[in-house]
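Before any comments, here is the structure.
The values are calculated or read from the model by the stated rules, or taken from the named source; none is laboratory data. Everything numeric here is computed off the predicted structure, so don't read it as measured data. Cβ atoms come from the backbone with ideal geometry, glycine included; neighbour counts cover every protein chain shown. Side chains included, ligands, DNA and RNA excluded: accessible areas come from the protein's heavy atoms. Shrake-Rupley method; radii C 1.70, N 1.55, O 1.52, S 1.80 Å.
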Amino acid sequence: MEPILSIRHLSLSLPVKKGMVSILHDVSLDVAPGQILGLVGESGSGKSMTAFAVTRLLPGGGREKIGGSIRFCGEELTEKSEKEMQAIRGRDISMIFQEPMTCLNPVFTIGRQMTDVLMTHQKISRSEAMKKAEDMLTSVHIRQAADVLRCYPYELSGGMRQRVMIGIALSCRPKLLIADEPTTALDVTVQAKILYLVREACRRLGTAVIFISHDLGVISQICDNVAVMYSGHIVESGAAADVFSQPEHPYTRALMAAVPKFTVSAAAGDKLFAIPGIVPDPSEPMAGCRFAPRCPYATEICRTRPPADTVTGSGHLVYCHNWETAVSSAGNAWGKGDEA
Amino acid sequence: MSALLEIENLTKTFRTRGFFGKVKEVHALNGVSLTIHKGESIGIVGESGCGKSTLANLIVRLEEPTSGTIRLDGKDITHLKEEELRPLRRRIQIVFQDPYSSLSPRMTIGQIVAEPMRVLGGHSEAEIRERAETLLHMVGLQPGALARYPHEFSGGQRQRISIARALMTEPEILILDEPTSALDVSVQAQVLNILTDLREKLHLTYLFISHNLAVVKYISDQTVVMRRGEVVEMGPSDRILTAPSEKYTRELIEAVPMIGKPFRLLEDPAESL
């Protein structure tokens, strides 16, 4: 299917005290209607910034520099004015975040907040909007939708608030939903329900979803496609099932080996793989691959020349000079627990 | 094997005064009994509000239990006064979840790590310094860290500093309350590996609290599953995670997203008020 969002060679620099610091480098991705794209990576990898660049909710105070192209429904978002972006946000592109309590206004009822969104983007009366809001809450499987509309945010549980946020986000039938760590603050049993909702909404309404998470398990379960980010760049991407069953970038492999599984235990002598070193400072210039200082497969070329995106035999895009060495020496450098 | 820490019928009820002065009772912990032997690593799992952190706070007596007893080496410590408690505090230490709020931003790492030993008294500055350096080395930090401030360190490094601080008084029991929940997976792996090494080297007993079942499975020999202030089931971690006998434990395990596990369709995704 034709992608609804197409990002090509996106770069982003944000102003800091001493000049500009480059946050994203050459990010390219596509999302199609009714599909979920997972953006996965550790803190500071640039996954949220990619989303903020799309919605232009950037912390640069207007001084940020965006390069490359973001095409949404055939239009170029990087050329839109702030006013045009305001009309797009909430109507065509919606976002949900990690902590629903900070996104909801504590002094207004859920009903008031939901109808505000509807009335901003559509020409309808408050009572019509209220009816739509109730339908929306019912569609995110809230049983007493009418009662919830009269509630204030503090009266609801974390899971219920996140349902309300999804309800608000979907109320104008957006073409693209960006979910930024929407289940990180929730318990696993509640998380399972929220993941179900996101996936159901995506399939039923044909909404394209960008799902951001640091949790590989969550991403592997609900996403169709996945892009693994490291230090502002996509290092591996492809169909989620393929990437997780056959990871080819050393960083993806390392991340997967670091996740504790039910099959490993310290008592049995298993060690988790800890990636040595730390994520590079974005202001630090680096000639080659940004993962090279922490990569056991790094050779001279990795430190001097940035790799090119390579399409591997399994159809992933891998950004690595030595991915073949990494794949063929499976299990050696990353120790036990590599096979998930 | 003799019991190091025995918890019997421990209950904690919080009273909150709602609107119009209506008193509401919350049973955070309801008759929990637990025995911990020397050298064991016990994991406590459960969702938010299940009472796992309350249990930790009661054991180190940051909160007073409503009823029940806590025995250390067979001695009842439930109602000891602050001065009598101090020697016991040396033996039981705690590491908290948030490595940002649990270290004072105005103190150097040296001061932070040395504090428990200074409070305890009876040690020369040279001794304290030497032990601080040894422990920092054990958690993988350079001695140069002693003169620096918390803001200069990453979350994982801060959590390692918290662990070094907790170990200063040579405790026997270390209570770890969600110590890796705020960390990235690669950093979490570092901290979990360090905890495994330390337990072996220093013969520590762990009470590891987490909402992450796989982490608990990795670090602990015994697992206790809690829900709404009560113990649902407990037993060897292998058994609990592979053949749980309680329905709730099965639901909990089922809900954990894992790589390679197919997405489960819920029978009833609804939530009511």
For residues in segment A:176-218 being in a loop (DSSP other than H, G, I, E, B) and either in contact with a Cys (Cβ under 9 Å, 6 or more places away or on another chain) or within 11 Å of another protein chain (Cβ to nearest Cβ) (or both), which is nearest to B:Ile259 (Cα to Cα)? A:Asp215
Which helices (runs of 4 or more DSSP H) sit wholly inside segment A:219-306 and have at least 1 residues that are within 21 Å of B:Tyr218 (Cα to Cα)? A:250-258
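A quick yes/no check of all residues on (1) among the small types (Gly, Ala, Ser); (2) out of contact with any Lys or Arg (no Cβ under 7 Å at 6 or more places or on another chain); (3) within 14 Å of chain B (Cβ to nearest Cβ):
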{"residue": "A:Ala274", "(1), (2), (3)": "yes, yes, yes"}
{"residue": "A:Phe291", "(1), (2), (3)": "no, yes, yes"}
{"residue": "A:Glu300", "(1), (2), (3)": "no, yes, no"}
{"residue": "A:Arg303", "(1), (2), (3)": "no, yes, no"}
{"residue": "A:Ala308", "(1), (2), (3)": "yes, yes, no"}
{"residue": "A:Gly315", "(1), (2), (3)": "yes, yes, no"}
Just wondering, is there one or more residues in segment B:177-187 that are more than 30 Å from B:Arg129 (Cα to Cα), at pLDDT below 95, open to solvent by less than 20 Å² (accessible area, probe 1.4 Å) and among the polar types (S, T, N, Q)? yes
With the condition kept exactly as written, say whether any residue in segment B:120-127 is open to solvent by less than 50 Å² (accessible area, probe 1.4 Å) and of a type in the set (A, V, I, L, M, F, W, C). no
Being more than 17 Å from the chain's Cα centre (by Cα), within 21 Å of A:Tyr196 (Cα to Cα) and aliphatic (A, V, I, L, M) is the filter here; which residues of segment B:209-262 pass it? B:Leu252, B:Ile253, B:Ala255, B:Val256, B:Met258, B:Ile259
Give the residues of segment B:23-45 that are surrounded by 15 or more Cβ atoms within 10 Å (Cβ to Cβ) and of a type in the set (D, E, K, R), sorted by residue number. B:Lys38, B:Glu40
Filter segment A:96-144 down to the residues that are basic (Lys, Arg) and part of a loop (DSSP other than H, G, I, E, B), then identify the one that is most open to solvent (accessible area, probe 1.4 Å). A:Lys123
Among the residues of segment B:32-48, count how many are in contact (Cβ under 8 Å) with a residue 60 or more places away in the chain and over 16 Å from B:Thr249 (Cα atoms). 10
Restricting attention to segment B:69-87, which residues are buried (at least 16 other Cβ atoms within 10 Å of the Cβ) and farther than 21 Å from B:Gly43 by Cα? B:Ile77, B:Thr78, B:Leu80
Restricted to segment A:276-289, and to residues that are in contact (Cβ under 8 Å) with a residue 24 or more places away in the chain and open to solvent by 30 Å² or more (accessible area, probe 1.4 Å), which residue is nearest to the other protein chains (Cβ to nearest Cβ)? A:Val279
Lone qualifier among A:Ala292, A:Ala268 - being in contact with a helix residue (DSSP H, G or I) (Cβ under 7 Å, 6 or more places away or on another chain) and either surrounded by 24 or more Cβ atoms within 10 Å (Cβ to Cβ) or free of Cβ contacts under 8 Å to residues at least 24 places away in the same chain (or both): A:Ala292
Residues of segment B:243-255 classified as within 10 Å of chain A (Cβ to nearest Cβ) and either buried (at least 20 other Cβ atoms within 10 Å of the Cβ) or more than 18 Å from A:Val188 (Cα to Cα) (or both), total: 2
Of the numbered conditions (1) of a type outside the set (D, E, K, R); (2) within 13 Å of chain B (Cβ to nearest Cβ); (3) within 20 Å of A:Ile194 (Cα to Cα), A:Tyr152 fails exactly one; give the number of that condition. (3)
Residue by residue through segment A:219-229, note down the ones that are of a type in the set (Val, Ile, Thr) and either touching a helix residue (DSSP H, G or I) at 6+ places or on another chain (Cβ under 6 Å) or more than 12 Å from every other protein chain (Cβ to nearest Cβ) (or both). A:Ile222, A:Val226, A:Val228
Just a yes or no: is a residue in segment B:220-239 more than 30 Å from A:Val190 (Cα to Cα) and open to solvent by 40 Å² or more (accessible area, probe 1.4 Å)? no
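Results for (1) among the hydrophobic types (A, V, I, L, M, F, W, C); (2) more than 10 Å from chain A (Cβ to nearest Cβ); (3) over 29 Å from B:Asn30 (Cα atoms), shown as yes or no for each residue.
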| site | (1), (2), (3) |
| --- | --- |
| B:Val191 | yes, no, yes |
| B:Ile194 | yes, no, yes |
| B:Glu200 | no, no, yes |
| B:His211 | no, no, no |
| B:Val215 | yes, no, no |
| B:Arg228 | no, yes, no |
| B:Arg239 | no, yes, no |
| B:Ile259 | yes, no, yes |
| B:Glu271 | no, no, no |
Of all residues in segment A:230-265 being touching a Leu at 6+ places or on another chain (Cβ under 6 Å) and more than 7 Å from chain B (Cβ to nearest Cβ), the one that is least open to solvent (accessible area, probe 1.4 Å): A:Gly232
Scan segment A:44-75 for residues that are polar (S, T, N, Q) and in a strand (DSSP E or B) and jot them down. A:Ser69
Answer yes or no: is there a residue in segment A:162-171 that is more than 9 Å from chain B (Cβ to nearest Cβ) and either without any contact (Cβ under 8 Å) to a residue 40 or more places away in the chain or farther than 22 Å from A:Asp92 by Cα (or both). no
